[in-house]
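The next block holds one structure in the form of structure tokens; read it before the comments.
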Amino acid sequence: RLGLPPHVKLVLLGDSGVGKSCLALRFKHGCFDPGCRTTVGAAFTAATVTVPGSGATCKLEIWDTAGQERYMSLAPLYYRGAHAAAIVYDITERRTLAKAQYWLEELRRYAGHSMVLMLVGNKSDLVSQRQVGEEEGRQLADSIGALFVESSAASGSNVAEVFEGVAGRLAGGMPVS
Ligand code: GDP
């Protein structure tokens, strides 16, 4: 049981191109367009998150890989002190789901402590290009003890749920994996 710390560090994991930066930007600024993109390489975005149902708030540090994920391994600093991880795949690219499992294993190997996990199937707006069924994502999430949501940084659907869900689980002191 972790309890809700005043500052929550959430790391984003997932294949390059799945929409990690766009999810953080959509949550923080409410936008999705090229003009909204910040410089590549930003270490983290800070945003205030309200815990659903309780009204309690905490400061969320959303860490972005800034392209490091291309090298198949992230710096130890990236995981250090993280309370939660959102592992993102793209519902229109099946290989990104396998990559999500890879990042999960890396997380377990290198983080060395328990965290709240959230599996995110992003790009849910691209209905006609779907390659991964919602149920498949949910089953993977269940098997690793993670929360699950399908989101769209483009439409904004379920983006807040990613970050609020993590805060809610931390606040609730629910068992973590
Ligand atoms: P990252 O490498 O995981 O940080 O991915 P980015 O956030 O840079 O997004 C990669 C590409 O996917 C960009 O061209 C985005 O415009 C696009 N993208 C991200 N999220 C969505 C989404 O929810 N729907 C759609 N249609 N495109 C998205």
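Can we say Y110 is closer than 13 Å to V11 by Cβ, more than 13 Å from the ligand (Cβ to nearest atom), in a helix (DSSP H, G or I) and not hydrophobic (A, V, I, L, M, F, W, C)?
yes
Take region 86-105 and flag every residue that is more than 15 Å from L126 (Cα to Cα) and in contact with a helix residue (DSSP H, G or I) (Cβ under 9 Å, 6 or more places away or on another chain).
Within region 86-105, A86, I87, V88, L97, K99, A100, Q101, W103, L104 qualify.
Could you grab me the full set of residues in region 147-168 that are out of contact with any Asp or Glu (no Cβ under 8 Å at 6 or more places or on another chain) and either of a type in the set (V, I, T) or within 17 Å of L4 (Cα to Cα) (or both)?
If the condition is that a residue be out of contact with any Asp or Glu (no Cβ under 8 Å at 6 or more places or on another chain) and either of a type in the set (V, I, T) or within 17 Å of L4 (Cα to Cα) (or both), then L147, V159, E161, V162, F163, E164, G165, V166, A167, G168 are the ones that fit.
For Q129, indicate whether it is away from the ligand (no atom under 11 Å from the Cβ), surrounded by fewer than 23 Cβ atoms within 10 Å (Cβ to Cβ) and polar (S, T, N, Q).
No; evaluated as a whole, the condition is false for this residue.
Listed here are the residues, each with its yes/no results for (1) modelled with pLDDT of 80 or more; (2) surrounded by fewer than 19 Cβ atoms within 10 Å (Cβ to Cβ); (3) not basic (K, R).
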| position | (1), (2), (3) |
| --- | --- |
| R1 | no, yes, no |
| C22 | yes, no, yes |
| L25 | yes, no, yes |
| H29 | yes, yes, yes |
| A42 | no, yes, yes |
| T50 | yes, yes, yes |
| E61 | yes, yes, yes |
| D64 | yes, no, yes |
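Which one of these is under 21 Å from F148 (Cβ atoms) and within 13 Å of the ligand (Cβ to nearest atom): R94, R26, R70?
Just a single option satisfies the conditions, and that option is R26.
The values are calculated or read from the model by the stated rules, or taken from the named source; none is laboratory data. Being a predicted model, the structure only gives us computed values, none of them experimental. Cβ: placed from backbone, ideal geometry, glycine included. Neighbour counts: every protein chain shown.
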